[in-house]
1. Average the reciprocal distances over every distinct pair of alpha-carbons in segment A:124-254, invert the result, and give the Kirkwood radius in Å.
2. Using only alpha carbon pairs under 8 Å that are at least six residues apart, calculate the relative contact order of chain A and give it in whole percent.
3. Under 5 Å between amide H atoms, partner at least 5 residues away or on a different chain: which partners does A:A205 have, H built in plane at 1.01 Å?
4. Could you size up the charge dipole of segment B:127-254 around its Cα centre, putting +1 on the beta carbon of Lys and Arg and -1 on that of Asp and Glu, and report it in debye to the nearest 20?
5. At a Förster radius of 51 Å, what calculated FRET efficiency corresponds to the Cβ-Cβ distance of B:E280 and B:A193, to the nearest 0.05?
6. Hey, can you rank A:156-163, A:3-10 by average C-beta count inside 10 Å, highest first?
7. So which DSSP H runs in chain B come out at 30 Å plus along the axis (Cα) with average Kyte-Doolittle of at least -0.5?
8. Name the residues whose placed amide hydrogens come within less than 5 Å of the amide hydrogen of A:V53, ignoring near sequence neighbours (fewer than 5 apart) on the same chain.
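Every number here is computed from the coordinates shown, using simple stated rules; none is lab data. Bear in mind the structure is a predicted one, so any value in this text is a computation, not a measurement. Cβ atoms come from the backbone with ideal geometry, glycine included; neighbour counts cover every protein chain shown.
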2 protein chains.
Amino acid sequence: MRIAVDAMGGDLGPRVVVQGVLEAARHSRASYLLVGDPSVLEPELRRADGARVQVVPASQVIEMGESPTVAYRQKPDASIVVAARLVKQEQADALVSIGNTGAAMAVSLLTLGRIPGIDRPAIATPLPSLKGTVVLLDAGATPDCDPNNLFEFAIMGAVYAQHVLGVARPRVGLLSNGEESSKGNDLVKRTHALFRQMNGETDFAFVGNVEGGDIYQGCVDVAVCDGFVGNVFLKTSEGVAEMILSLMKQELDRALFLKPFLLPLRPSLRRLKRRIDYAERGGAPLLGVNGVCIIGHGRSNAYAVKNACHAAERALQNNVVDTIRTRIHEALTPPPPV
Amino acid sequence: MRIAVDAMGGDLGPRVVVQGVLEAARHSRASYLLVGDPSVLEPELRRADGARVQVVPASQVIEMGESPTVAYRQKPDASIVVAARLVKQEQADALVSIGNTGAAMAVSLLTLGRIPGIDRPAIATPLPSLKGTVVLLDAGATPDCDPNNLFEFAIMGAVYAQHVLGVARPRVGLLSNGEESSKGNDLVKRTHALFRQMNGETDFAFVGNVEGGDIYQGCVDVAVCDGFVGNVFLKTSEGVAEMILSLMKQELDRALFLKPFLLPLRPSLRRLKRRIDYAERGGAPLLGVNGVCIIGHGRSNAYAVKNACHAAERALQNNVVDTIRTRIHEALTPPPPV
């Protein structure tokens, strides 16, 4: 298993990427290709025992603010482009990026192409819930969708839940503004009708519409929505969690004498933080492209990078891309005449 | 000031509505009309000193699951219908409901009509942020919108922020999946262009696209989106807050010996809960209809009902509906030739 990592992306710079990859390599048998500027990456590597970690040179970087498609044309030697090319040319089996998300998506799509039958790709983000992990897709790859796009997302999300999370028959919900089938915007209503019509012919159980709260209660394994709504969902969730933690900090700062009482609570608070922290899940697969591509948060620290690398390993071990290819082919093939 | 309250709605039954209204009346000079079944409401009232609280009989109730438009036709004597009719016939100045939200919207709209020039109504929900209250609209009245709808929402939300929250020149943001003007789904991109074109001619400052987290940081006074996205935003926010509180409780329950350490933290936790609790804000005005209509959460307790009543009083005192009427008229009137 060879995993190509764009080492130049991310808000915290190449050092945390190298640290995360070294940590990932220490705990697995995969070998890693760090793509980027050798004069930056090699000194970082030399400090560590990096037998299964090599540098692949790339002279350019697509920065956070750049337009993905313009940058793709103008920077053929950008680290993300070189990393994707390694996968295309079968010198690597998977791709990990924590840089410009739009660029990672555009470059993967343009370099690796789509799985036949998939119209649009989706980012499948694993989320914490009170009852385990829920996969939300699309988290931002395709802002405007039609019902067929959402149906393809459901097939792909169900494959991920089955093969990576080990759910036998995933429960799939459609994110809506109410649980009744009459609720939704125009897209959700039309998609609901399509799901009802296809149910019975799918490898997942369509449970109907779900609300944001149902996802965090763990009422489904897979939640489907368009990429605009999914992205708003994720950023809103992060925003609420950050606000609550800030307000808690404000409350505690105003009462310094309480500090000693908090000390014994530390392990609990640390466990709580771990259960809601995105870094714990590390990265989200871009499903629908012809290859394993894991997209991490721009703010990833070394720990999150390590977990993104492990997400790539799990996707490879569990044949996620091949299984999606088979399932989509089956869904598109008309049943034989009786 | 006379406020008609649908006393039969709400998940917790008429008793909490009566309690909340009595509490509201005790702290203001408004008088209240409790609309519903006298045999239920009068015994509740008799226990209290309710000089400025009267019962107006209504023999039917629109239940939570009912289709709003069907129920409106079939139940002409439903409490919400009678309450709206009181406003229409100028026997009351405002309407408060914590029942079936769809029914409250449909009945208000059908009975009171729209403000001339307003195409679709919007629910304006006040939200907590690290820097004060932010108004989000639409929170669910109009799931599918066009750019003109969102522009009308901005005008109405700005009036609310100015007149009720006291913000001189409200900062209005468009809820999107990224801050750059290139981000958004098709609707948001077209709306962004319209806002840019109209800016300078408005009583608010358009600050561009905002993300969910920016709202909770208090970077804007008014956040505009379609009713589907707004409703998902709200329910997701509630879901995240509930999950974090559940996880905290789980953590604390697993370590009973920590309980004594928590006692001194109680006032802080209570203050924290108050800052994020919807009950604190009580109710959201349905803007765009020809009259003051406050919609509360179905799960409202007496405290939330009291705050919903106060929201109605504030909207009346600050002439929100008349000001919206004037502003929309101005926005629709072409400037005089120079």
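1. 15.1
2. With pairs under 8 Å counted, the relative contact order is 23 percent.
3. It is A:R171, A:V172, by chain and number.
4. Rounded to the nearest 20 debye, it is 240 debye.
5. Working from the Cβ atoms, E equals 0.90.
6. Packing order, densest peptide first, comes out as A:3-10, A:156-163.
7. Qualifying helices: B:227-253.
8. Answer set, sorted by chain and number: A:Y32.
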